[in-house]
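What follows is a set of notes on a single structure, which appears directly below.
The values are calculated or read from the model by the stated rules, or taken from the named source; none is laboratory data. Only a predicted model underlies this, so the values are computations on that prediction, with no experimental measurement involved. Counting neighbours? That spans all protein chains shown, and the Cβs are built from the backbone with ideal geometry, glycine included. Just so you know, the surface numbers come from the protein's heavy atoms only, side chains and all, with ligands and any DNA or RNA stripped out. Shrake-Rupley method; radii C 1.70, N 1.55, O 1.52, S 1.80 Å.
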Amino acid sequence: MPIHHHTTYRAAKTVAKTIEAHFVRHLTASRYENEEAMAPEPNAKAIEILIDIAFWASLRREEGHSPKISLAFLPPALSGQPLLLEQRLPLTPAVLVKLAPAVERPGIHLGVWQDENEMYVWGATRLIPSLCLVLDVTEPGLLVIKYRRTGGLGKFANIAVLKGDQVKVLEEQSIFLQHSPPLLSTLLGFSSPSPWGESVNVLVQLAVSMRDHKRGGTLLVVPAGTEAWRKSIIHPILYSVVPAFSRLSELVQQEEEQQSGNDWQSALTKAIDGIAGVTAVDGATVINDKYELLAFGSKIGRPQGSTPVQKVMVTEPVVGSTPTVVSPSQNGGTRHLSAAQFVHDQHDAFALVASQDGGFTIFAWSPHDQMVHAHRIDTLLL
């Protein structure tokens, strides 16, 4: 452990013990419940140093580029088929920035470990054990601390997001979720260490893909076998899809043994990106809860006799955040207002809204509160 490291990024000190407690809790529970090998338990000092050095690296530029780096905290012996450096390198901002171009592609992690004297970079790996601490340098001043889920097939869950001096620690259990529809509750609760169900995984991947195209978009999810949603869409629907495009639905419904191969995962990713892509077209995209594409570029309207949505409850799955009731106009622009109106009129549907600035909100009707909930989840998707 580096004895003389002087941390200058204040947020690193602020959040380190909280993150340590998270890993202690989940690693202890998982070792009793799972037979698979688990990652080593990071202590607060190692977490603090890792965050501090990654933060200062994020503010540097190499040949005009800001670094994008994923750091995994583990010894090489616990990684699968690692790329090992003959001589390990000290963990410093300069070293991270120099190595960043080689590991900026998704799924590649720089391996970081420690001995009695220092923390160091030992190489790179694509395979890491369950509950391994991962720190992503996403953009200048923006860090995401996450971990690999148990049995999660490479899926990660966020623990905390640090942006400059702002620290957001993700709430693992939110009280408002108990009053949400089952599918939505699981989607919003996907910070838990256990793997997602496949249906929820699809929605998460759709949300991530929508956010990635950076054009903003609205995805309406409606019950299969009903036409009530059409009352909330202005006619004619210019880009109605007949018959419904069912490629994503077919992939999700394939037998479990067919879903294990790389070909299936590749096909699923392409299908998800295809639907997320059409959300970039002006207007709302409509799918049903079987993931069949029904329409895109649709204009949301208020059905005859409907009242305008007057208020929404805004929530964020962050420790210390409390629900607030606001006017829809205070929660975003036209895209957010129309999504809130749609859910206000269609209680059995929900809407996923991506903003151009990276924000992401899920709108759903709460029978308990008798109003629309706006769940801000961009911290979960980074």
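Before we move on, is Ala351 open to solvent by less than 10 Å² (accessible area, probe 1.4 Å) and in contact with a Leu (Cβ under 6 Å, 6 or more places away or on another chain)?
Taking the combined requirement at face value, the residue satisfies it.
Mind listing whichever residues of segment 198-244 are closer than 21 Å to Leu268 by Cα, without any contact (Cβ under 8 Å) to a residue 60 or more places away in the chain and touching a strand residue (DSSP E or B) at 6+ places or on another chain (Cβ under 8 Å)?
Selection gives Val241, Ala244.
The conditions are (1) within 16 Å of the chain's Cα centre (by Cα); (2) closer than 24 Å to Arg105 by Cα; (3) at pLDDT 75 or above, and Val169 fails exactly one of them. Which is it?
Just one mismatch for Val169, condition (2).
Among the residues of segment 324-348, write down those that are buried (at least 20 other Cβ atoms within 10 Å of the Cβ) and among the polar types (S, T, N, Q).
Matches in segment 324-348: Asn331, Ser338, Gln341, Gln346.
Filter segment 100-109 down to the residues that are buried (at least 16 other Cβ atoms within 10 Å of the Cβ), outside any strand (DSSP E or B) and of a type outside the set (Val, Ile, Thr) and list them by number.
Ala100
Which pairs have Cβ atoms under 6 Å, sit 6 or more apart or on different chains, and link a residue in segment 336-359 that is farther than 16 Å from Thr279 by Cβ to one that is among the polar types (S, T, N, Q) and modelled with pLDDT of 95 or more?
Note: pairs meeting the criteria are Asp345/Ser232; Gln346/Ser232.
Can you report the number of residues in segment 137-158 which are modelled with pLDDT of 90 or more, closer than 17 Å to Val318 by Cα and among the aliphatic types (A, V, I, L, M)?
The number of residues fulfilling the criteria is 4.
Of all residues in segment 108-141, count the ones that are under 16 Å from Ala39 (Cα atoms) and charged (D, E, K, R).
Matching residues across segment 108-141 total 1.
Which one of these does Glu86 not meet: (1) without any contact (Cβ under 8 Å) to a residue 40 or more places away in the chain; (2) touching a helix residue (DSSP H, G or I) at 6+ places or on another chain (Cβ under 9 Å); (3) open to solvent by 50 Å² or more (accessible area, probe 1.4 Å); (4) more than 11 Å from Thr125 (Cα to Cα)?
Only one criterion is unmet by Glu86, namely (2).
Name the residue, out of Val97, Val134, Val112, that is part of a helix (DSSP H, G or I), modelled with pLDDT of 90 or more and surrounded by 19 or more Cβ atoms within 10 Å (Cβ to Cβ).
Being part of a helix (DSSP H, G or I), modelled with pLDDT of 90 or more and surrounded by 19 or more Cβ atoms within 10 Å (Cβ to Cβ) holds for just one of Val97, Val134, Val112, which is Val97.
Take the residues in segment 301-323 that are open to solvent by 30 Å² or more (accessible area, probe 1.4 Å) and over 30 Å from Thr14 (Cα atoms); name whichever of them is nearest to the chain's Cα centre (by Cα).
Lys311
Go through segment 24-77 and give me each residue that's at pLDDT 90 or above, open to solvent by 50 Å² or more (accessible area, probe 1.4 Å) and more than 25 Å from the chain's Cα centre (by Cα).
Scanning segment 24-77 gives Lys45, Arg60, Ala77.
Filter segment 282-300 for residues that are open to solvent by 40 Å² or more (accessible area, probe 1.4 Å) and not acidic (Asp, Glu) and give the result.
Step one: of segment 282-300, the residues open to solvent by 40 Å² or more (accessible area, probe 1.4 Å) are 282, 289-290, 292, 296, 299.
Lys290, Phe296, Lys299, listed by residue number.
For segment 225-281, which positions are surrounded by fewer than 12 Cβ atoms within 10 Å (Cβ to Cβ) and touching a helix residue (DSSP H, G or I) at 6+ places or on another chain (Cβ under 8 Å)?
Result: Gln258, single match.
Among the residues of segment 181-199, write down those that are at pLDDT 55 or above, touching a helix residue (DSSP H, G or I) at 6+ places or on another chain (Cβ under 6 Å) and either under 18 Å from Asp378 (Cβ atoms) or not in a helix (DSSP H, G or I) (or both).
Scanning segment 181-199 gives a single hit, Leu187.
Working only within segment 354-382, note down all residues that are open to solvent by 10 Å² or more (accessible area, probe 1.4 Å), of a type in the set (A, V, I, L, M, F, W, C) and part of a loop (DSSP other than H, G, I, E, B).
Passing the criteria: only Leu382.
Give all pairs with beta carbons closer than 6 Å in which a residue from segment 316-335 that is over 20 Å from Leu352 (Cβ atoms) meets a residue that is at pLDDT below 85 and open to solvent by 30 Å² or more (accessible area, probe 1.4 Å); count only pairs at least 6 apart in sequence or on separate chains.
Sorted first by the residue in segment 316-335, then by its partner, the pairs are Val319/Glu171.
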